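The values are calculated or read from the model by the stated rules, or taken from the named source; none is laboratory data. Keep in mind that this is a model prediction, so the values were computed, not measured.
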């Protein structure tokens, strides 16, 4: 009897295995592709980005072209202020050029003007000190 019971159990296991192993798999539903519909939406965004980059590039080029002219204007202003003996204002005008890229010729002009201003300020300070000292000591009237 044990043999019959063992045979029945084996047949049932084989049948169960056969039924469970014959399952037909259905293909997964097709997921929408990531690029469907987005290509048509991306085109205007890309065009707008290209236009923005072009605008920024054009503005940067215009500013780069205008920088030497602005620098020359500040240098000319400083020259006229030196001629009027307004040395501190001239030095202030030249100090606005610290962040500006200057041509070699402009840099030489700025350096020369700064040296001229510093010499004039030192001379003015020295003569002011001498006259103040002379007045304090009862110098010539």
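Listed values, structure above:
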{"item": "Residue check for residue 63: at pLDDT 80 or above and assigned to a helix (DSSP H, G or I)", "result": "no"}
{"item": "Matching option when the condition is at pLDDT 85 or above, more than 36 Å from the chain's Cα centre (by Cα) and at negative phi, among 84, 105, 89", "result": "84"}
